[in-house]
Amino acid sequence: MDKEKVCFWYEVCPMKRFYEQGKIDKKWVANYCFGENKKCVRFQMEENGEYHPDNMLPDGTIDKTLV
């Protein structure tokens, strides 16, 4: 994966933790964190200083199983 395309927020993003814990599929980090992170709703909200819950997936849906 191209380090240049890694999302600025990846190291502190709950998606990293959930992926490492096996709670979310690799597609989430591959498609958003290491790919089109500008399309990530979490990224956009973080950049705008808007609140978003930890269990919100990159496409903006809430996964109530993530804690």
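Data for the structure
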read-out: Zone residues, the range 33-63, relative to residue 8, backbone N less than 12 Å from point 7 Å out along Cα-to-Cβ; value: 38, 43-49
read-out: Cα-based Lys proximity count in the chain, under 16 Å, for pairs eight or more positions apart or on separate chains; value: 11
read-out: Charge dipole (debye, nearest 20) of the chain; +1 at Cβ of Lys and Arg, -1 at Cβ of Asp and Glu; value: 200
read-out: Prolate/oblate/rounded call for the chain, Cα gyration tensor, a/c under 1.5 rounded; value: oblate
read-out: Local electrostatic count, residue 48, Cβ distance below 15 Å [Lys/Arg +1, Asp/Glu -1]; value: 0
read-out: Positive-end extreme of charge dipole, the chain - chosen from 7, 19, 44 (charges on Cβ); value: 19
read-out: Residues with amide H under 5 Å from that of residue 24, placed H, sequence gap 5 or more; value: 19
read-out: Sorted by Cβ density within 10 Å, fewest first, the residues 28, 9; value: 9, 28
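Here, each number is a calculation from the coordinates, and none is a lab measurement. The structure displayed is predicted, hence computed values, not measured ones. In this analysis, Cβ positions are derived from the backbone assuming ideal geometry, glycine residues included, and neighbour counts consider all displayed protein chains.
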